[in-house]
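Heads up, the thing below is written out as structure tokens.
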Amino acid sequence: MNLRNVRLKSLLRRRSIYTSKRYSSTNVEETSVKHLCKHLSLSESNVQYICLKYPVLRNINEAKVQDLVNTVRELGFDKNVLIEEPSLFSILPQTLRLRYQVLDECGIQTINKSHLLSYLTLVKHKTVYELKKSNDIPFHINVENRLAGYMTQWPTSLTTLILGDVNNYNLYDLRLKILQRYLELVLDLTNNEFDRGLQTYPTIRHRPLKFINKTLSILKSEIMMPINKIKSNLYLIHVDPENLKDIMYNLQSLGGLDIKEVIRSHPKLATKRCSTMMEMKKLLNEYGIDNEAQRRCFDIYTLAPSTVRERLENAKSIPEFNTFLNHPRFLKMIHYNKTALNRLRKSFENNKKCLSLNILSGSSAHYEVFEKSPGDRLGKGKDLLFCVSQSLGKNYGMNEIRRILKRHPFWINVPLVQVQYVCEKLSKEFSHEDIYFNCPIILYPWDKIRDALKSLKTAVHSNLDHLDFNRLGNRQKLSLVLYALEKKHYFSGNGVWAEDKTRNIICPLNKENIKQSVPI
């Protein structure tokens, strides 16, 4: 009976899942039909018939439909071409634009929808002679000279580009030979380097020569990119020249540096959309990420703004990340967020809580040394000094704070989260100057400091019954608290260790989220 019930429940569960998926799929299909009806001016029955023949249309969103309609109009076609050839919906709008440009460069006189759909067959499997014979290319056009004319930096002494009869070549090979010869003369690119570049970045093969020429001109003349840098980052030659100009004129600067200098040092940014980079710049300013932090991690601009926003919000809820919020290298931890989270989880599993930014987002070799080393310490303590300096209002330099803190034998064995929490608590009652002159007190757990303050205020402490605590200055009060904390440990420094581990402000991680446990 029990087995029958289990089987029945399993069957019902699978049926429920199938029904929900089917319902969801139906909703998506209905939405796609509405979008197609709206932008193609068709009846619902006609669109449903087309969707039966071309299933790819069932899950298309409105943005893609609109973008494709606008693209075919830009290329000189009527939107009805999408109704006549729904296969065009399976091609990206940008791919359609590039195919049209390449065919136009090759001399195809009247480019139609069939040319765009059979592009690969046209350029790879038909020779120039066959294309001329089928009247796709007029006989009077010299395809070699036409293609070479789109490149403007040929040496004047050059007379021959292609050996042999050009009419026996297909357009694909002809374009590549002209491009290779051009890059050989302009960038001193060897055959092996060119072949390796094509294998690594195959989209170069179908990039319009006019675009490549314009991009190279901008990189060399305006951005002043060294030739060796272009050769080692060959993807630069298929960057969109118009987008590159937009980046230079609309962004102008990143992290306080001229955008041209930034692109020279970080070429990958030239491949990103200008609108996305502008959105990212606005986002970083919104979260108060200063120019210095951006200069330390320009690679953050290679991520999607929505991804960075999500990671920044998550960092606020994770105490170990939030501690570094104002650190110059904080963005590196956001950029390598998954790595940092994995290391944070592993460190807690190994009962290691003294985590520096370099440990969370540094090299794998550095982290392995930390993971295998015995004990728990903050390395050189630079992150601790930075966080203390920030907590004290940047009124004191890191060297000054180090001079006082290093008197304590365990100053680099205390978690940063605990130190920051203690600083915040003390700042509510004491000035930054008072805390600075008693700096070692920030290394102690807050519950011990709080209990010591209460004891002294009520004159319960054994040898201080004669002392009027209220008549002391704040600096003296903190000194007395520090004295009381260490007295029962014989001034060995062992007072920094929490006696009750459950009251620590650092709690284990779970996989969903990492929440701060506030001490009582």
Segment Lys406-Ser427, extension gain: residue separation times 0.36 nm, minus the distance between their alpha carbons: 5.4 nm
Highest-first arrangement of 430-438, 138-146, where packing means the average Cβ count within 10 Å: 430-438, 138-146
Computed accessible area, Val102, all protein chains, 1.4 angstrom probe, square angstrom: 0
Cα centroid of segment 348-372 to Cα centroid of segment 222-255, whole Å: 37
Stokes-Einstein translational diffusion, segment 377-498 - Kirkwood Rh over all Cα pairs, 0.890 mPa s, 25 °C, in µm²/s: 168
Trp497-Asn142 pseudo-label distance in nm [points 7 Å out on the Cα-to-Cβ vector]: 8.8
Mean Cβ neighbour count within 10 Å, used as a protection proxy, ranking 272-281, 366-375, 199-208 highest first: 272-281, 199-208, 366-375
Segment 303-372 - accessible surface per residue (Å², probe 1.4 Å): 45
Percent accessible area from carbon and sulfur atoms, the chain, protein chains only, probe 1.4 Å: 48
For peptides 235-242, 404-411, sequence by mean Cβ density within 10 Å, most packed first: 235-242, 404-411
Straight-distance crosslink candidates among lysines, where the alpha carbon sits under 16 Å from Lys406 and sequence neighbours closer than 8 are dropped: Lys380, Lys382
Net +/- balance of residues flanking Arg475 in space, Cβ distance below 13 Å, scoring K and R +1, D and E -1: -2
Listed values [x] 1.14; [y] 1.67; [z] 1.02, entry calculated as Rg/Rh (Cα atoms, Kirkwood Rh): [x]
Two-site FRET efficiency, Lys394 against Asn135, from Cβ-Cβ distance with R₀ of 60 Å, rounded to 0.05: 0.20
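The values are calculated or read from the model by the stated rules, or taken from the named source; none is laboratory data. Given the structure is predicted, the values throughout are model-derived calculations rather than measurements. Cβ: placed from backbone, ideal geometry, glycine included. Neighbour counts: every protein chain shown. The area values use the complete protein model at the heavy-atom level, side chains included, leaving out ligands, DNA and RNA. Shrake-Rupley method; radii C 1.70, N 1.55, O 1.52, S 1.80 Å.
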